[in-house]
Amino acid sequence: MAKVGIFFGTDTGNTRKVAKLIQKEFDDAELVAKPLNINRVEVDDLLAYDYLIMGTPTLGEGELPGLSTQCEAESWEEFLPKMEGTDFSGKKIALFGLGDQVSYASEFVDGLGELYDAFSDAGAELVGSWPNEGYDFESSQALDGDNFVGLVIDQDNQASQTSERVAKWVAQVKSEFSL
Ligand SMILES: Cc1cc2nc3c(=O)[nH]c(=O)nc-3n(C[C@H](O)[C@H](O)[C@H](O)COP(=O)(O)O)c2cc1C
């Protein structure tokens, strides 16, 4: 079985696309599993991996995707409550988030911050923080000092930078995972 699991939430498919780019960048099918939508798995499917990469868009007004943000299907909003009481200690987790810094400058990638809080509260070791240079926004719940708590991708305004950002971040995460 692969060592690294990749799970994502999405509404219109951008986050799935980035999850696939991340998998491709690792370029090792034995090491990294095929990305799966979080609405198709159970908590035990995450616990099967010691290393996890997980992503989310921010929808609504700075919220995680799910039925209350008008997604067609369930997503992180419905999954997180299922995790309550689960211990993720011993797991290394790297997160990525998608957002739109122009239309949502004051709640840019807030959902990434929410995901970070959920997994750090559950005891996981979070890696993969990312500098906020090169983005233009007003505020974000995904900031910890000058760094985002995970990779930030803006497909709406900076799609041309996505592959370079993914390549750099995957190299960083490989080393932080000690793979
Ligand atoms: C209705 C709506 C609300 C959004 N709200 C936010 C937001 O609060 N913060 C943000 O950074 N991006 C926001 N976005 C931008 C999305 O996060 C972005 O388009 C993302 O790439 C969508 O990913 P997906 O295709 O995986 O659903 C919003 C987009 C839509 C359509």
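The values are calculated or read from the model by the stated rules, or taken from the named source; none is laboratory data. The model shown is predicted, which means the values in this text are computed figures rather than measured ones. Here the Cβ positions follow ideal geometry from the backbone for every residue, glycine too, while neighbour counts run over all protein chains shown. Ligands, DNA and RNA are stripped out before the accessible areas are found, and what is left, the full protein with its side chains, is counted by its heavy atoms. Shrake-Rupley method; radii C 1.70, N 1.55, O 1.52, S 1.80 Å.
Sort out which residues of region 126-179 are of a type outside the set (Val, Ile, Thr), away from the ligand (no atom under 16 Å from the Cβ) and under 14 Å from the mean Cα position of the chain (by Cα), and write them in order of number.
Within region 126-179, Leu126, Gly128, Ser129, Trp169 qualify.
Check Thr10 against each of (1) away from the ligand (no atom under 16 Å from the Cβ); (2) open to solvent by 10 Å² or more (accessible area, probe 1.4 Å); (3) closer than 29 Å to Gly134 by Cβ; (4) touching a strand residue (DSSP E or B) at 6+ places or on another chain (Cβ under 9 Å) and name the one condition it does not meet.
Failed condition: (1).
Could you give every pair whose Cβ atoms fall below 6 Å, whose first residue belongs to region 54-75 and is assigned to a helix (DSSP H, G or I), and whose second residue is within 10 Å of the ligand (Cβ to nearest atom), counting only separations of at least 6 or pairs across chains?
Thr69/Leu59; Thr69/Gly60; Thr69/Glu63
Got at least one residue in region 58-77 being open to solvent by 10 Å² or more (accessible area, probe 1.4 Å), aromatic (Phe, Trp, Tyr) and either within 15 Å of the chain's Cα centre (by Cα) or within 12 Å of the ligand (Cβ to nearest atom) (or both)?
no
Is it the case that region 108-128 has a residue that's open to solvent by less than 10 Å² (accessible area, probe 1.4 Å), at negative phi and not in a helix (DSSP H, G or I)?
Yes, region 108-128 has at least one match.
Could you give me the residue pairs with C-beta distances under 9 Å whose first residue belongs to region 15-29 and is without any contact (Cβ under 8 Å) to a residue 60 or more places away in the chain, whose second residue is away from the ligand (no atom under 15 Å from the Cβ) and open to solvent by 100 Å² or more (accessible area, probe 1.4 Å) wherever it lies, and which are 6+ apart or on separate chains?
Sorted first by the residue in region 15-29, then by its partner, the pairs are Lys20/Lys34; Gln23/Lys34.
Would you mind finding the one in Leu151, Leu143 that is closer than 20 Å to Tyr49 by Cβ and among the aliphatic types (A, V, I, L, M)?
Exactly one of Leu151, Leu143 is closer than 20 Å to Tyr49 by Cβ and among the aliphatic types (A, V, I, L, M), namely Leu151.
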